[in-house]
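Notes to accompany the following structure.
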Amino acid sequence: LLPHEEKWIRADSPEDMIAIIQRLAVRGAPLIGVAAALALGRYAATGRSVEEIEAAATALRNARPTAVNLMHAIDRLTRVLAKRGPKALLPEAEAIFQEDVALCEAMASRGAALIQDGDGIITACNTGGLATAGRGTALGAIRTACEQGKRIHVYVDETRPLLQGARLTAWELSKLGIPFTLICDNMAASLLRSGRVRAAFVGADRVAVNGDVANKIGTYGLAVLCKHHNVPFYVVAPRTTYDPKCRTGAEIPIEERAAGEVRGVQAFKEAKVWNPAFDVTPRELIRKIIFEDRDW
């Protein structure tokens, strides 16, 4: 509904949360993990059996395939379930929430140190408070830099086909009072050539062992453009987005979504559609990956 209507919704069961995640009412890799954990913890607190909780955990874990934070959070709760029983799940889920808030603060501080007064920053998709339990990843760093008194102008990619940039990032920046300009995705090359952008800051849904990064579709293209124009390309992500089992970006599962998202209201309705929700940016195009405790 954003940016035209702000509505808070409830998830009263794991099934509710799965539906909410799949229709993107909850999105952003860190927040998907936190929300799924809270749903499972609350479900366990209602007196469900271990078998029922395990079944709900499996269903939640499979809600979306690319963002590894979801798998990490649910796997953490299932380990707690095996060791300490159902009553331990809700406190553990609440701990995951609080940890994400702290991770956001640490990432934001580290990322803000790379932003200078007067910088133009380009970003993609939405990486603020709508994507995490805290202040965000890439947008959190931008917000912190602004709070430090740095004068920043943000260039917001619209992020087709679901317009997370045009709808969500623009909405957040407006509420925060941070100056921004919205551009169509295919305007990024001309913008970078103009010299108005000093750096790119984006988030991530999964980081492979070799440093390849999966993020919202279009991130790879932006990284290629930044490389050509000698603009530093930074990825801001918590360590919960790092996947030690995934050797390279080629092993990251890429979710494909419904054709209607691309067709919208004006496209030819019988057109065949390819709609990957994410793409993979190779490590060599990334200046730094900024985790909460170190840069890579």
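The values are calculated or read from the model by the stated rules, or taken from the named source; none is laboratory data. Note that the coordinates shown come from a computational prediction; the quantities given were computed from them, not determined experimentally. Note that we place each Cβ from the backbone using ideal geometry, even for glycine, and neighbour counts take in every protein chain shown. Heavy atoms of the whole protein, side chains included, go into the accessibility calculation; ligands, DNA and RNA do not. Shrake-Rupley method; radii C 1.70, N 1.55, O 1.52, S 1.80 Å.
So which residues in the stretch 200-239 are hydroxyl-bearing (Ser, Thr, Tyr), open to solvent by 10 Å² or more (accessible area, probe 1.4 Å) and assigned to a helix (DSSP H, G or I)?
Passing the criteria: only Tyr220.
Condition check ((1) assigned to a helix (DSSP H, G or I); (2) buried (at least 23 other Cβ atoms within 10 Å of the Cβ); (3) not polar (S, T, N, Q)) across all residues:
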| residue | (1), (2), (3) |
| --- | --- |
| Ile21 | yes, no, yes |
| Ile32 | yes, yes, yes |
| Leu60 | yes, yes, yes |
| Thr66 | no, no, no |
| Arg76 | yes, no, yes |
| Arg79 | yes, no, yes |
| Leu89 | yes, yes, yes |
| Ala95 | yes, no, yes |
| Cys104 | yes, yes, yes |
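Does any residue in the stretch 92-107 that is in contact (Cβ under 8 Å) with a residue 40 or more places away in the chain come within less than 6 Å, Cβ to Cβ, of a residue that is of a type in the set (Asp, Glu) and crowded, with 19+ Cβ neighbours inside 10 Å six or more places away or on a different chain, and which pairs are these?
Close Cβ pairs (under 6 Å, with a partner that is of a type in the set (Asp, Glu) and crowded, with 19+ Cβ neighbours inside 10 Å) amount to Leu103/Glu292; Ala106/Glu292; Met107/Glu292.
Restricting to the stretch 34-58, and then to whatever is in contact (Cβ under 8 Å) with a residue 12 or more places away in the chain and of a type in the set (Val, Ile, Thr), can you tell me which residue is most open to solvent (accessible area, probe 1.4 Å)?
Val50
Quick grid of which residues meet (1) modelled with pLDDT of 95 or more; (2) at positive phi:
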position: Ile20; (1), (2): yes, no
position: Pro65; (1), (2): no, no
position: Gly85; (1), (2): yes, yes
position: Ala93; (1), (2): yes, no
position: Asp100; (1), (2): yes, no
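For the stretch 7-19, enumerate the residues that are in contact with a helix residue (DSSP H, G or I) (Cβ under 8 Å, 6 or more places away or on another chain), open to solvent by 10 Å² or more (accessible area, probe 1.4 Å) and either over 25 Å from Phe278 (Cβ atoms) or part of a helix (DSSP H, G or I) (or both).
Arg10, Ser13, Glu15, Asp16, Met17, Ile18
Could you please find all residues in the stretch 106-165 being closer than 26 Å to Val26 by Cα and among the polar types (S, T, N, Q)?
Correct list: Ser109, Thr123, Asn126, Thr127, Thr132, Thr137, Thr144, Thr159, Gln164.
Being without any contact (Cβ under 8 Å) to a residue 24 or more places away in the chain and under 26 Å from Glu5 (Cα atoms), is that true of even one residue in the stretch 160-168?
Yes, some residue in the stretch 160-168 is without any contact (Cβ under 8 Å) to a residue 24 or more places away in the chain and under 26 Å from Glu5 (Cα atoms).
Would you confirm whether or not the stretch 106-114 contains a residue that is within 15 Å of the chain's Cα centre (by Cα), under 18 Å from Tyr242 (Cα atoms), buried (at least 16 other Cβ atoms within 10 Å of the Cβ) and hydrophobic (A, V, I, L, M, F, W, C)?
yes
Taking interchain pairs and intrachain pairs at least six residues apart, which have beta carbon atoms under 8 angstrom, with the first residue in the stretch 114-141 and on the phi < 0 side of the Ramachandran plot and part of a strand (DSSP E or B) and the second of a type in the set (Lys, Arg) and at pLDDT 95 or above?
Correct list of pairs: Gly120/Arg196; Gly120/Arg198; Ile121/Arg198.
For the stretch 183-199, check the following and say yes or no: at least one residue is open to solvent by less than 50 Å² (accessible area, probe 1.4 Å), in contact with a helix residue (DSSP H, G or I) (Cβ under 8 Å, 6 or more places away or on another chain), modelled with pLDDT of 95 or more and part of a loop (DSSP other than H, G, I, E, B).
yes
Mind counting the residues in the stretch 144-161 that are assigned to a helix (DSSP H, G or I) and surrounded by fewer than 24 Cβ atoms within 10 Å (Cβ to Cβ)?
Selection size over the stretch 144-161: 3.
For residues in the stretch 170-179 being out of contact with any Phe, Trp or Tyr (no Cβ under 8 Å at 6 or more places or on another chain) and under 25 Å from Lys288 (Cβ atoms), which is surrounded by the most Cβ atoms within 10 Å (Cβ to Cβ)?
Glu172
So which of Tyr234, Tyr220 is closer than 22 Å to Ala112 by Cβ and in contact with a strand residue (DSSP E or B) (Cβ under 6 Å, 6 or more places away or on another chain)?
Result of the check over Tyr234, Tyr220: Tyr234.
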